[in-house]
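I have placed the structure first, in the form of structure tokens, so that the comments after it can refer back to it.
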Amino acid sequence: MTTQSLFLQHSGATYPIICGAMYPCSNPELVAAVSDAGGIGILQPITLTYACGYSFQDGLRYLHELTKKPIGMNITLERKSGKHQQTMARSLEFALDNGIRFFVTALGNPRWVVEAVHNAGGYVYHNVTSRFWAEKALNGGVDGFIAVNSEAGGHLGSKDKESLFQDLAPLGLPVLAAGGLASSQDMQTCLDLGYAGIQMGTRFIASQECQAHPHYKQAILDAVSEDIVATRRISGVPVSVIKTDYVQKVGTEVSWLSAKLLRHPRTKHLMRSLLHRKAQKMLPQSTYGDHGSYKGYWQAGKSVDQIHQIKPVKTIISDLLAEVTLNLNHSQH
């Protein structure tokens, strides 16, 4: 079995395409549209509750009304507070009880998630930026990796897609590429390298179903790759955003004290949480409608170079597959 077909078995998708979890852009309509079109949409609990205004339970029920196809769920693990883990554990239990069997974890040790998901017959893929973090996730029992490279929007890595795949492939699990991907040629390049599939975020923000603010979508259409800069002021680790007047005003680096606290094992999680809360206040209170507080803090990756039009999700995915060869029966190396 190829790694591509193994991923499709794990996820329940028809095509090896993930819509990555995005705050504040993973509204239910977008998640459902990607799954309906043959990929797999990943619901993001914070977006569902904080940005879209649902309780987690009501939001998940609504998603199941929108699509009968498999959807996935994102679980962030960077905060070690008991309250956060309890909230995530309750959400995970409800998701499993309601049929979700594919999970994407990030920024922490996935072992407790893996144990619960495996007990229910599901699968867990972990976002990684290097072999170091992949080995830790492997020890936690994950079933695959999403390799976040240096061209990604949101949290990004430091390596290009080629070298990152070379680092991760020997670990023997399916690896999906994430970062700088928007076209059929991009997807074919990744599959030729040996990736099991791709994850996209920025391309799906510029879709009709995504309910991100129109200014956000227009910023993606107007931007070029040189406009993408990395900031540590959102979560303490580098995050790719579009360079705007607002970004230039607030800066991209944290203070020397914050940097010191981010390096210390006892304070780094608290510092990340504080930075994240502060960043939330900079972001819109909702992805819906027009908000006077919208300040131009837009996460995006270097794939903006190739995004020139807002399209329906179904068209985006059909465009991706137009010149792609999916070989599910030939071993990948």
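The values are calculated or read from the model by the stated rules, or taken from the named source; none is laboratory data. Source: prediction; values computed, not measured. In this analysis, Cβ positions are derived from the backbone assuming ideal geometry, glycine residues included, and neighbour counts consider all displayed protein chains. Note: accessible area is taken over every heavy atom of the protein model, side chains too, but ligands, DNA and RNA are not part of it. Shrake-Rupley method; radii C 1.70, N 1.55, O 1.52, S 1.80 Å.
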Inset, instruction - For the chain, set up a Gaussian network in which alpha carbons nearer than 10 Å are linked by springs, and say which option among 20, 72, 141 fluctuates the most. - result: 141
Inset, instruction - Can you figure out the FRET efficiency of residue 226 with residue 84, using R₀ = 30 Å and their beta-carbon distance, to the nearest 0.05? - result: 0.25
Legend entry - Candidates 178, 51, 89: whichever shows maximal mean-square fluctuation once the chain is modelled as a Gaussian network with Cα springs under 10 Å: 89
Inset, instruction - Using a 10 Å cut-off on Cβ atoms, rank the peptides 37-47, 152-162, 304-314 from the highest mean neighbour count down. - result: 37-47, 152-162, 304-314
Inset, instruction - Would you please classify the overall shape of segment 74-156 from the alpha carbon gyration tensor, given that a ≥ b ≥ c denote the square roots of the eigenvalues, rounded means a/c under 1.5, and beyond that prolate means a/b larger than b/c while oblate covers the rest? - result: prolate
Legend entry - Label selected from (1) 24.6, 94; (2) 18.3, 53; (3) 20.3, 63, the criterion being Rg and Dmax of the Cα atoms in Å as computed here: (2)
Inset, instruction - Calculate for the chain the 222 nm mean residue ellipticity that helices alone would give, adding -39,500 (n - 2.57) per DSSP H run of length 4 or more and normalising by residue count, nearest 500 deg cm²/dmol. - result: -11500 deg cm²/dmol
Inset, instruction - Using a 10 angstrom cutoff on alpha carbons, build the Gaussian network for the chain and name the most mobile of 252, 202, 129. - result: 252
Legend entry - Cα-based shape type of segment 195-254, given that a ≥ b ≥ c are square roots of the gyration tensor eigenvalues and the cut on a/c is 1.5: oblate
Inset, instruction - Add +1 for every Lys or Arg and -1 for every Asp or Glu among the other residues with Cβ under 14 Å from the Cβ of residue 301, and state the total. - result: -2
Legend entry - Label zone at residue 166, where the point sits 7 Å out along the Cα-to-Cβ direction: segment 123-141 residues whose backbone N lies under 15 Å: 131
Inset, instruction - Give me the distance in nm between label points sitting 7 Å out from Cα along the Cα-to-Cβ direction at residue 260 and residue 61, one decimal. - result: 5.1 nm
Inset, instruction - Give the ranking of 73, 22 by solvent-accessible surface, highest area first, calculated with a 1.4 Å probe. - result: 22, 73
Legend entry - Per-pair calculated FRET efficiency, R0 = 51 Å: residue 68 and residue 277 via Cβ, rounded to 0.05: 0.90
Legend entry - the chain, accessible surface, carbon-and-sulfur percent (1.4 angstrom probe): 50 percent
Inset, instruction - Over the chain, give the accessible area per residue in Å² for a 1.4 Å probe, as an integer. - result: 44 Å²
Inset, instruction - Please give the contour-minus-distance gain from residue 310 to residue 193: 0.36 nm per residue of separation, less the Cα-Cα distance, rounded to one decimal in nm. - result: 39.2 nm
